[in-house]
Amino acid sequence: MEKLYDVIVVGGGPAGLTAALYLARARYTVLVLEKDQFGGQIAITEEVVNYPGIAKISGRELTDTIRQQGEGFGAEFLQAEATAFDLKGDVKTVTTTVGKFQCLGLLLATGAHPRSAGFRGEEEFKGRGVAYCATCDGEFFTGKEVFVIGGGYAAAEESVFLTRFARHVTVLIRKEDFSCAASVAEQAKKHPKITVLTHTVMEEVAGENGLTYARYRNTATGEVQEYKSYDTFGVFVFTGYQPATEALRGVVGLNEQGYLLTNEAQQTTVSGVFGAGDVCVKPLRQVVTATADGALAATELEKYVAELQRKTGLRSSPAPVDPEKGTQVPSAVSGDLFDEKMRGQLKELFSKMEGKLLLRLYPDNRPISKELETFIRSLVSMTDKLSVEVADPQEDSSVAPCVRVCREDGSEIGLAFHGIPSGHEFTSFVLGLYNAAGPGQPLDEETKTRIQRIQQETDLQIFVTLSCNMCPDLVLAAQRIAAVNPKVTAEVYDIHHFEAMKERYQIMSVPCMVVNRKHVSFGKKSIHQILDMMESQADG
């Protein structure tokens, strides 16, 4: 039998994190699986001001704190996607991208993802003017005109947030008014940089390297307006969410929209399987209702698991999560770069590395080069598995400052970071070192074989911002491929420091991946999605 947990929680948003906290505190073994970044949708919200007892906090800070509480009580966390479920019998099996896991009770807290609006040009211009995350992409539209599509909480709140960057924001609402609380809507309506157009839908956007044309229509009067600009502009879509239940169809009960059916105790149509958060049918989707769902589901799971243990004699098998199984290094860097807790976690990770690495620095004449050197030397000081070498200053501003990961003999592995790998990219950089030195994060044999079959020299350029919590997924996947196959290189760029590259590829959204300097793709991707792209291009 695979390792048995009392409860597996699928989804690391507020609902899943709260459930893990409650279960772990009650001394149940619990594993939280999250395919994206822990924290869920609320993690990209700049300000949360309606969570009881907390005047103001960022979504990231709130969910990080809940996770730390769960970790303190022994909850385990693993970044992996649940792809299949076997829910028959007393022991449930969850198949993931890194293996199978078994449990007595299961909590589904998979959340929901943004819906497309459906106007002409939306798919074509995703990442080139059409965006869905103000926190990730708002800064790309500094000084530009921005349209916001939607009339809910997200549209109202994010339109105000976008005024920090945009010259002006125009909100297009299909109905006669915002559907959110009046206090939230009023902030958008009264803002001097925001225009609100009701009974209005976007029909089309167009352009060449970016958006320069938009057409929208008043559904009440039939009047059509066109917006044309010599400069590019942005369109942010906030039209609700679609439940992440693709892998659950035919497994548990869902309604017509795909939301999870649960009773008053958060139990689904399958015994021992519960649901919590935005994935469930519910009248209000807010972080406070998600945490409430998680707490209720956890207490019901405690009762269920205790009764099942009494009836069957089955017991979980607790064990700490190793770094290669998904424990993430914290992404915050503070004080003298790394506090004692972080140093301890880094030293533990470095101790598991099989080989030694040389980190070769390529500076230029910008102050950021000195910051990068300080950053890397601080890392190197913690272990004898890493050493540093400084190359001659580079005149080419399209490549420096940069740190390249090399073998102990100085030969390059194919991994590099241009800029300073801090913020959300700190974890991906450190795990990139671990993957390069071995043994690396686990890969199933089929995936490893697909990677090793690549015969064509392939250059992957990944463009990120350090504030984007969706970028590390793409970075980790690309680096994992490059660490296995010497014909593949994965170089990461903090787009803030490489304006020429941004202009060359017309990047207006992150994450962005460019394959062999010509094939541009936007959005986070798994290892398999990257391999699909590479194989498709090789066949073409």
Filtering region 362-378 down to residues that are within 28 Å of the chain's Cα centre (by Cα) and touching a residue at least 40 places away in the same chain (Cβ under 8 Å), which residue is surrounded by the most Cβ atoms within 10 Å (Cβ to Cβ)? LEU372
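For region 412-420, state whether one or more residues are more than 19 Å from VAL492 (Cα to Cα) and touching a strand residue (DSSP E or B) at 6+ places or on another chain (Cβ under 8 Å). Walk me through it before giving the result.
Step one: filter region 412-420 for residues more than 19 Å from VAL492 (Cα to Cα), giving none.
No, every residue in region 412-420 fails to be more than 19 Å from VAL492 (Cα to Cα) and touching a strand residue (DSSP E or B) at 6+ places or on another chain (Cβ under 8 Å).
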Is it true that SER521 is among the small types (Gly, Ala, Ser) and at pLDDT 90 or above? yes
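Kindly indicate whether GLY152 is open to solvent by less than 30 Å² (accessible area, probe 1.4 Å), out of contact with any Phe, Trp or Tyr (no Cβ under 8 Å at 6 or more places or on another chain) and not hydroxyl-bearing (Ser, Thr, Tyr).
Numbers: open to solvent by less than 30 Å² (accessible area, probe 1.4 Å): yes; out of contact with any Phe, Trp or Tyr (no Cβ under 8 Å at 6 or more places or on another chain): no; not hydroxyl-bearing (Ser, Thr, Tyr): yes.
Here the answer is no, as GLY152 does not meet what is asked.
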Pairs under 7 Å by beta carbon, first residue on the phi < 0 side of the Ramachandran plot and among the hydrophobic types (A, V, I, L, M, F, W, C) in region 295-317, partner part of a helix (DSSP H, G or I) and open to solvent by less than 50 Å² (accessible area, probe 1.4 Å), six or more apart or different chains? ALA295/THR18; ALA297/ALA19; ALA298/ALA19; ALA298/LEU23; LEU301/LEU23; LEU314/LEU308
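Among the candidates CYS136, CYS103, which residue alone is closer than 30 Å to ILE8 by Cβ, hydrophobic (A, V, I, L, M, F, W, C), touching a residue at least 12 places away in the same chain (Cβ under 8 Å) and not in a helix (DSSP H, G or I)? Before you say what the answer is, go through the steps one by one.
Working: CYS136 fails: not in a helix (DSSP H, G or I).
Every option except CYS103 fails the conditions.
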What is the residue count in region 424-456 for residues that are within 22 Å of the chain's Cα centre (by Cα) and of a type outside the set (Asp, Glu)? 16
Using beta carbons and a limit of 8 Å, which pairs, at least six apart or on different chains, have the first residue in region 224-238 and over 20 Å from GLY150 (Cβ atoms) and the second one among the small types (Gly, Ala, Ser) and surrounded by 15 or more Cβ atoms within 10 Å (Cβ to Cβ)? GLU226/ALA214; THR232/GLY129; THR232/GLY207; THR232/GLY210
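Go through region 180-221 residue by residue and tally those that are in a loop (DSSP other than H, G, I, E, B) and surrounded by 14 or more Cβ atoms within 10 Å (Cβ to Cβ).
Residues that pass the stated criteria total 6.
Assess whether GLU145 counts as being farther than 30 Å from VAL7 by Cβ and either surrounded by 20 or more Cβ atoms within 10 Å (Cβ to Cβ) or free of Cβ contacts under 8 Å to residues at least 60 places away in the same chain (or both).
Working: farther than 30 Å from VAL7 by Cβ: yes; either surrounded by 20 or more Cβ atoms within 10 Å (Cβ to Cβ) or free of Cβ contacts under 8 Å to residues at least 60 places away in the same chain (or both): no.
So GLU145 fails the test.
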Residue by residue through region 51-103, note down the ones that are touching an Asp or Glu at 6+ places or on another chain (Cβ under 8 Å) and among the charged types (D, E, K, R). LYS56, LYS92, LYS100
Can you name every residue in region 487-540 that is among the aliphatic types (A, V, I, L, M), over 26 Å from VAL146 (Cα atoms) and either in a helix (DSSP H, G or I) or open to solvent by 60 Å² or more (accessible area, probe 1.4 Å) (or both)? ILE527, ILE530, LEU531, MET533, MET534, ALA538
Which condition breaks for PRO439 when tested against (1) farther than 26 Å from GLN41 by Cα; (2) open to solvent by 10 Å² or more (accessible area, probe 1.4 Å); (3) in contact (Cβ under 8 Å) with a residue 60 or more places away in the chain; (4) assigned to a helix (DSSP H, G or I)? (4)
When residues of region 222-231 are filtered for being over 16 Å from VAL169 (Cα atoms) and open to solvent by less than 50 Å² (accessible area, probe 1.4 Å), how many remain? 1
Filtered residues of region 456-508 (kept if over 26 Å from PHE233 (Cα atoms) and of a type in the set (Lys, Arg)): ARG480, LYS487
Looking at region 164-179 only, could you name the residues that are of a type in the set (A, V, I, L, M, F, W, C) and either at positive phi or open to solvent by 50 Å² or more (accessible area, probe 1.4 Å) (or both)? PHE165
Within region 450-486, work out how many residues are in a strand (DSSP E or B), among the β-branched types (Val, Ile, Thr) and closer than 29 Å to TYR132 by Cα. 2
Restricted to region 237-295 and to residues being part of a helix (DSSP H, G or I) and of a type in the set (Gly, Ala, Ser), the residue surrounded by the most Cβ atoms within 10 Å (Cβ to Cβ) is GLY277
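Give, as residue ranges, the strands (runs of 3 or more DSSP E) completely inside region 7-87 that count at least 2 residues that are closer than 24 Å to GLN102 by Cα and open to solvent by 40 Å² or more (accessible area, probe 1.4 Å). Explain how you work it out, then say what you get.
Numbers: elements: 30-34, 76-79, 82-86.
Result: 82-86.
The values are calculated or read from the model by the stated rules, or taken from the named source; none is laboratory data. This one's a predicted model, so the numbers in the text were calculated from it and none came from an experiment. Glycine also receives a Cβ, built like all others from the backbone with ideal geometry; neighbour counts cover every protein chain displayed. Heavy atoms of the whole protein, side chains included, go into the accessibility calculation; ligands, DNA and RNA do not. Shrake-Rupley method; radii C 1.70, N 1.55, O 1.52, S 1.80 Å.
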